[in-house]
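Everything below concerns the one structure shown next.
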Amino acid sequence: MALKKASELLHAVHGFGPYFDSESRILILGSFPSVLSRAKNFYYGHPVNRFWPLLSHFFDIPIPNDIDGKKKILKDIHIALYDVIDECDITGSSDVSIKNPILTDISSILSESSVQKILLNGKKAGELFVRYQLPIIGDRIPYFVMPSTSPANAAYRLDDLIRAWAPELLICKSGSGV
């Protein structure tokens, strides 16, 4: 079998569904899981992605080591996770290469949870959300495009991300039990 080039556009499927419960207050949407996140079968699986360190610092909790630990933390701090896209053609993990997106259905998260706002992890997630999801769900829930926690966003250090994300995470800090 021939190896595929890293620059080749391939069709990829999300592979795992949303994480949320009835008490989730914030829905954080990425664009599409990275190759490593898809392989690990959960969100923000790349070891240098700053998503888990951001939550760890803001909520003063240890960085979880495994999926069960990550789910417990998300439950405790009332955060739901999903992505804007369920399937697409993509080169590696490059958001800018995304073609032919097929949307995720976020309606069940919004109807079965206590989501009060949507945070979009990065510009591409924001662009995709506004273009494809917003016309479906309307503007009844406020949304905010946040700086990406991806290692590709080298313009932001972890401290910068914490300052940028903190005001939007506050509704989860009060009464989170952490």
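So here's what we get for this one:
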{"read-out": "Residue satisfying all of: in region 105-123; of a type in the set (Ser, Thr, Tyr) and in contact with an Asp or Glu (Cβ under 8 Å, 6 or more places away or on another chain); surrounded by the fewest Cβ atoms within 10 Å (Cβ to Cβ) among these", "value": "SER114"}
{"read-out": "Any hit, region 160-169, residues being in contact with a Ser or Thr (Cβ under 7 Å, 6 or more places away or on another chain), of a type in the set (A, V, I, L, M, F, W, C) and within 17 Å of HIS57 (Cβ to Cβ)", "value": "yes"}
{"read-out": "Complete set of residues in region 8-41 that are touching a Leu at 6+ places or on another chain (Cβ under 6 Å) and either of a type in the set (S, T, N, Q) or within 17 Å of LYS124 (Cα to Cα) (or both)", "value": "ILE28, LEU29, SER31"}
{"read-out": "Filter result for LYS72 (farther than 15 Å from GLY17 by Cβ and touching a residue at least 40 places away in the same chain (Cβ under 8 Å))", "value": "no"}
{"read-out": "Restricting region 3-41 to residues that are surrounded by 19 or more Cβ atoms within 10 Å (Cβ to Cβ) and assigned to a loop (DSSP other than H, G, I, E, B), the residue that is modelled with the lowest pLDDT", "value": "SER34"}
{"read-out": "Identity of the residue in region 42-69, of a type in the set (D, E, K, R) and touching a residue at least 12 places away in the same chain (Cβ under 8 Å), that ends up surrounded by the fewest Cβ atoms within 10 Å (Cβ to Cβ)", "value": "ASP60"}
{"read-out": "Residue match in region 50-69 (condition: part of a loop (DSSP other than H, G, I, E, B), under 13 Å from the mean Cα position of the chain (by Cα) and within 22 Å of LEU9 (Cα to Cα))", "value": "no"}
{"read-out": "Selection within region 124-136 - crowded, with 16+ Cβ neighbours inside 10 Å and not polar (S, T, N, Q)", "value": "LYS124, ALA125, GLY126, GLU127, LEU128, PHE129"}
{"read-out": "Subset of region 51-81 [in contact with a Phe, Trp or Tyr (Cβ under 9 Å, 6 or more places away or on another chain), closer than 13 Å to TRP165 by Cβ and not aliphatic (A, V, I, L, M)]", "value": "PHE51, TRP52, PHE58"}
{"read-out": "Identity of the residue in region 90-103, in contact with a helix residue (DSSP H, G or I) (Cβ under 8 Å, 6 or more places away or on another chain) and not in a helix (DSSP H, G or I), that ends up surrounded by the most Cβ atoms within 10 Å (Cβ to Cβ)", "value": "ILE90"}
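The rows are residues; the columns are (1) at pLDDT below 95; (2) of a type in the set (S, T, N, Q); (3) within 23 Å of GLU87 (Cα to Cα).
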{"residue": "SER108", "(1), (2), (3)": "yes, yes, yes"}
{"residue": "VAL115", "(1), (2), (3)": "no, no, no"}
{"residue": "LEU120", "(1), (2), (3)": "no, no, yes"}
{"residue": "LEU134", "(1), (2), (3)": "yes, no, yes"}
{"residue": "ASP139", "(1), (2), (3)": "yes, no, no"}
{"residue": "VAL145", "(1), (2), (3)": "no, no, yes"}
{"residue": "ALA152", "(1), (2), (3)": "yes, no, yes"}
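The values are calculated or read from the model by the stated rules, or taken from the named source; none is laboratory data. Here the structure is a predicted model, which means the values were calculated and not measured. Note that each Cβ is placed from the backbone with ideal geometry, even for glycine, and that neighbours are counted across all protein chains shown.
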